[in-house]
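A.B. asks: Pasting a structure here, questions to come.
The values are calculated or read from the model by the stated rules, or taken from the named source; none is laboratory data. Note that this is a predicted model, so its numbers are computed, not measured. For neighbour counting, all protein chains shown are included, and Cβ atoms are generated from backbone atoms with ideal geometry for every residue, glycine included. Just so you know, the surface numbers come from the protein's heavy atoms only, side chains and all, with ligands and any DNA or RNA stripped out. Shrake-Rupley method; radii C 1.70, N 1.55, O 1.52, S 1.80 Å.
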Amino acid sequence: MPCLVLAQGAPTPPTALAQYPAPSGFVNDFAGILDNEIENGIEAKIAMFTAQYGGEIAVLTMPTLNEMPIEEFSAVVFKKWGIGKELKDNGVLVVVALKERTGRIEIGYGYESILNDAKAGEIIRGQMIPNFKNGDYNKGVEAAVDKIMEVLIAGTPATDSLGQSPEENPIGRFMALTQFIFGFIF
């Protein structure tokens, strides 16, 4: 999985994961680097994405990882928080660690064919790093989430409120057929 900077592996402190509260939504800014307006905007975008496409994106900023390697930290958080639908494993976690100056995009197996490591690396290098170097965490995180959604939307069919694509839902198939027919009549 792509990282901003690879942290050197030190023994994992057993209390590292106990040093942050449980998630309170899709965006959890425990490092305090995001403006409230930006945080709320990202939260709303992710909620709309989840409602329409069924997958989940979570953002986690931490003041420090307490010497825990970011690869290990993000994998544990991803599993502990249960990001994405259980049987589909369609989740993405964006982690930023302020003290370590590192970040990572953790991708669930259900999205790896759409958002692979190479694309995640491009997002880190293209959206996160340039903005972070300029001290603009707001823009870096928001641009990364926007790009992740863009990539996932391009590769994922829309779903209904039950998480079914139109092909899986008989009503959705009917509506799609109706829209197709009426699209040519009008």
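A.B. asks: Counting only C-alpha contacts under 8 Å and six or more residues apart, can you give the relative contact order of the stretch 37-128 as a whole percent?
C.D. replies: With pairs under 8 Å counted, the relative contact order is 25 percent.
A.B. asks: 7 Å from Cα along Cα→Cβ at both K99 and K79: what's the point-to-point distance in nm?
C.D. replies: 2.4
A.B. asks: Accessible area per residue, 1.4 Å probe, Å², for the stretch 114-158: what's the number?
C.D. replies: Per residue, the stretch 114-158 has an accessible area of 47 Å².
A.B. asks: Output the peptides 110-123, 81-94 sorted from most to least packed, where packing is the average of other Cβ atoms within 10 Å over each peptide's residues.
C.D. replies: Top of the packing list down: 81-94, 110-123.
A.B. asks: Using a 7 Å offset from the Cα along the Cα-to-Cβ direction at both K133 and M48, what is the distance between the two label points in nm, to one decimal?
C.D. replies: Between K133 and M48, the simple spin-label model gives 3.1 nm.
A.B. asks: Convert each backbone phi in the stretch 123-132 into a coupling constant with the Karplus relation 6.51 cos²θ - 1.76 cosθ + 1.60 (shift: θ = phi - 60°), then list the ³J(HN,Hα) values in order as whole Hz, x for Gly and Pro.
C.D. replies: So the Karplus estimates, Gly and Pro as x, are 5, 4, 6, x, 10, 7, 4, x, 6, 5 Hz.
A.B. asks: Hey, another quick one. Determine the alpha carbon to alpha carbon distance for each of K85/K133; K88/K139; K79/K147; K85/K119; K45/K79 and list only those over 26 Å.
C.D. replies: Check vs 26 Å cut-off fails for K85/K133; K88/K139.
A.B. asks: Something else about it: Determine the shape class of the stretch 80-151: with a ≥ b ≥ c the square roots of the Cα gyration tensor eigenvalues, call it rounded for a/c under 1.5, and otherwise prolate if a/b is greater than b/c, oblate otherwise.
C.D. replies: prolate
A.B. asks: Counting alpha carbon pairs within less than 8 Å and at least 6 residues apart, what relative contact order, in whole percent, applies to the stretch 102-150?
C.D. replies: So the answer I get is 31 percent.
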